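Written out below as structure tokens is the structure these notes cover.
The values are calculated or read from the model by the stated rules, or taken from the named source; none is laboratory data. Just so it is clear, the structure is predicted and the values come from calculations on it, not from any experiment. Here the Cβ positions follow ideal geometry from the backbone for every residue, glycine too, while neighbour counts run over all protein chains shown.
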Amino acid sequence: MESQNPLYDLYEKLYFHEIDVREKLSGRLQIPLVIILSMAGLLAFMLQNYEKTIWNTLSLPFILLLIAGSVALVVSIYYFILSWYGHTYSFLPSAQETESYQKLLNETYAPYEDGEALSKKYLDDYVCKYLITCSSINTQSNDKRSFYLHRTNASLIIVALLLLLSFLCFYFGDLDKGRQIKAIKVNIENPVSVRGDFIDQKYVNKSAMAIPKAETLKDKGQNKTEGYSK
């Protein structure tokens, strides 16, 4: 489309450039999202496995670094949300809408001698107006998103450093529950029979039973002797 506006080509390039930047920003936001999820997973791991009963020289630095890292992670999530949502973009009207406007212009200026020239002029102004307005709105939105994305990346660098230091304190300070050796408590509810004791008891029982038999034989022998003597 030929235009009488000397800056028409510039406005057109700016419009499509901002649309392209919009798509690139959406792709760049995927990396911070993965990093945020990874940092949140590391933070949750240390909180879940922290042994609260142990207190040494690295316990206080670990707690302070963990709190600072959590705050920095929340800040990075805040900037990430601002860089992803809350931005509006403006686009050119649809082809059907532009075609309807052109027909309206042709019908409106058909009675005039220079009606065709007037129709082209106003259609050109119509397109240029939309290119200028849309590219300006899109530029503002992309600039804001780029600013918030920069803040997000800067915050994530701070989060990574703080969580790295806290993990070193967590590891070298033996604050992990999994690395602690705990005593195992054993409760014996029923007495345990030992086989040797069972055999000895059986032998004792037999001995106890054998003694009365010997005494009985002795008594019988005495009675028999007494009978002969009588």
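Just checking, how many residues over region 2-37 are among the polar types (S, T, N, Q) and surrounded by 13 or more Cβ atoms within 10 Å (Cβ to Cβ)? Number of matching residues: 2. Scan region 15-26 and give yes if some residue there is in contact (Cβ under 8 Å) with a residue 60 or more places away in the chain, of a type outside the set (Gly, Ala, Ser) and under 23 Å from Leu175 (Cα atoms), otherwise no. No, every residue in region 15-26 fails to be in contact (Cβ under 8 Å) with a residue 60 or more places away in the chain, of a type outside the set (Gly, Ala, Ser) and under 23 Å from Leu175 (Cα atoms).
On the stretch given as region 124-136, residues that are surrounded by fewer than 19 Cβ atoms within 10 Å (Cβ to Cβ) and either in contact with a Leu (Cβ under 6 Å, 6 or more places away or on another chain) or under 30 Å from Ile35 (Cβ atoms) (or both) total 1.
Go through region 7-65 and give me each residue that's over 30 Å from Leu165 (Cα atoms), modelled with pLDDT under 90 and of a type in the set (Val, Ile, Thr). Within region 7-65, no residue meets the criteria. Within region 136-151, residues that are over 17 Å from Tyr79 (Cα atoms) and among the basic types (Lys, Arg) reach no partner that is modelled with pLDDT under 95 and surrounded by fewer than 15 Cβ atoms within 10 Å (Cβ to Cβ) with beta carbons closer than 9 Å at six or more positions or on different chains.
Here Glu51 does not qualify as of a type in the set (Asp, Glu) and closer than 30 Å to Tyr126 by Cα.
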